[in-house]
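For reference, the structure discussed in these notes is given below.
The values are calculated or read from the model by the stated rules, or taken from the named source; none is laboratory data. As the structure is a computational prediction, the values presented were derived from the model and not from experiment. Virtual Cβ from ideal backbone geometry, glycine too; neighbours counted across all protein chains shown.
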Amino acid sequence: MGMGFTLVEAGVVILQGQKCTHRAQSPLKTEAEALISALSEMKNRGWDGVTVESDCQQLINITRAGRDYSA
């Protein structure tokens, strides 16, 4: 299974990343792992103030609520 992210600034692609990973337990978990991977890459590069976009409404709702959903 693969996941990836794209960093866009002013309509220009700045960075793309991807990796192969194990099969996740659910689509939501896969989306969350992709988000964590992208945010880790941003942190490693010293970037902050990023805007995150996703097509996974459930993940957006969870991150906006700010609650811990870990299993």
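Looking at M1, M42, which is the one that is over 13 Å from the mean Cα position of the chain (by Cα), of a type outside the set (K, R) and either surrounded by 10 or more Cβ atoms within 10 Å (Cβ to Cβ) or modelled with pLDDT under 85 (or both)?
M1
Could you tell me whether any residue of the stretch 23-39 is at pLDDT below 80, of a type outside the set (A, V, I, L, M) and touching a helix residue (DSSP H, G or I) at 6+ places or on another chain (Cβ under 7 Å)?
For the stretch 23-39, residues at pLDDT below 80, of a type outside the set (A, V, I, L, M) and touching a helix residue (DSSP H, G or I) at 6+ places or on another chain (Cβ under 7 Å): absent.
What are the residues in the stretch 18-39 that are surrounded by 14 or more Cβ atoms within 10 Å (Cβ to Cβ) and of a type in the set (G, A, S), if any?
A24, A32, A34, S37, A38
Taking W47 as meeting all but one of (1) under 14 Å from the mean Cα position of the chain (by Cα); (2) modelled with pLDDT of 80 or more; (3) surrounded by 10 or more Cβ atoms within 10 Å (Cβ to Cβ); (4) in a loop (DSSP other than H, G, I, E, B), write down the number of the exception.
Looking at each condition in turn, W47 falls short on (1).
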